[in-house]
């Protein structure tokens with residue numbers, strides 16, 4: 001009897017432990033299954049992003065630009081603009097023309113060292129120089145003065161002085177030719193800002209007169225015409241700055257060209273007088 005109760009108690013305890021263990025296993029497996037199911041489920045689609053409306057930029061026409069300055073300006077404003085345009089075109093023409101002329105003379109100076117001084121005689125060297133070049137002009141004047149030292153008044157001057165005077169006169173002619181147009185550049189560089197300033201003052205005067213007649217002094221009635229008039233000053237500076245820079249640059253290049261020219265003239269004088277080059 002005692003063994004039967006003990007066996008029954010043991011079997012009941014075994015069933016209870018088995019039931020508790022099964023419940024524990026089931027409790028542990030449920031969250032894992034739920035997580036796996038949640039992971040396998042498709043994610044909800046994200047709501048479409050709101051599309052920002054396209055920003056349209058409106059082109060605003062400037063009623064106070066250069067076009068308005070020309071169309072609405074009087075004969076004084078238009079004449080000032082035309083004068084500054086002519087000054088600018090003349091400045092650029094002189095700058096490029098003198099630049100090409102200086103390059104040609106420097107090239108001729110280099111070629112004269114290879115052709116003139118390697119010739120068998122002075123006349124042969126003159127024929128080897130480029131036709132119409134400054135160095136050929138100086139050489140021809142020197143040879144002419146050396147071969148034609150005659151006449152009552154000329155004979156009173158010694159041959160050395162006569163040839164030196166002729167060559168110096170030829171060099172002076174070349175230097176004067178190089179200076180052509182430089183006065184125009186200097187004038188434009190010094191007067192163009194004042195011409196633009198005159199146009200600005202005239203434009204402001206007309207704008208203030210119109211404002212006074214209309215009786216409206218709002219910011220759009222004042223700032224627009226005054227800003228339009230300031231374009232004249234900007235144009236004057238745009239004309240003057242290239243002219244001043246071009247003038248200084250060409251002056252330095254003229255000095256280099258004249259150094260080559262004077263060196264050639266000095267060597268030519270020594271050859272014509274002493275028969276040898278210094």
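Could you check how many residues of region 190-204 are under 22 Å from the mean Cα position of the chain (by Cα) and touching a residue at least 60 places away in the same chain (Cβ under 8 Å)?
Residues flagged as under 22 Å from the mean Cα position of the chain (by Cα) and touching a residue at least 60 places away in the same chain (Cβ under 8 Å) within region 190-204 amount to 2.
Is it the case, given these coordinates, that residue 115 is modelled with pLDDT under 80, closer than 30 Å to residue 268 by Cβ and in contact with a helix residue (DSSP H, G or I) (Cβ under 8 Å, 6 or more places away or on another chain)?
Here the answer is yes, as residue 115 does meet what is asked.
Quick one: would you say residue 129 is under 27 Å from the mean Cα position of the chain (by Cα) and in contact (Cβ under 8 Å) with a residue 12 or more places away in the chain?
no
Which of the following residues is buried (at least 19 other Cβ atoms within 10 Å of the Cβ), modelled with pLDDT of 90 or more and over 18 Å from residue 89 (Cβ atoms): 195, 239, 171, 188?
Among 195, 239, 171, 188, only 171 is buried (at least 19 other Cβ atoms within 10 Å of the Cβ), modelled with pLDDT of 90 or more and over 18 Å from residue 89 (Cβ atoms).
Which one of these does residue 209 not meet: (1) buried (at least 16 other Cβ atoms within 10 Å of the Cβ); (2) farther than 30 Å from residue 135 by Cα; (3) at pLDDT below 85?
Result: residue 209 passes all but (1).
Out of 214, 133, 146, I need the residue that is at pLDDT below 85 and exposed (fewer than 12 other Cβ atoms within 10 Å of the Cβ). Which one?
Of the residues listed, the single one that is at pLDDT below 85 and exposed (fewer than 12 other Cβ atoms within 10 Å of the Cβ) is 214.
The values are calculated or read from the model by the stated rules, or taken from the named source; none is laboratory data. The structure presented is a predicted model; accordingly, all values stated were derived computationally and were not measured. Note that each Cβ is placed from the backbone with ideal geometry, even for glycine, and that neighbours are counted across all protein chains shown.
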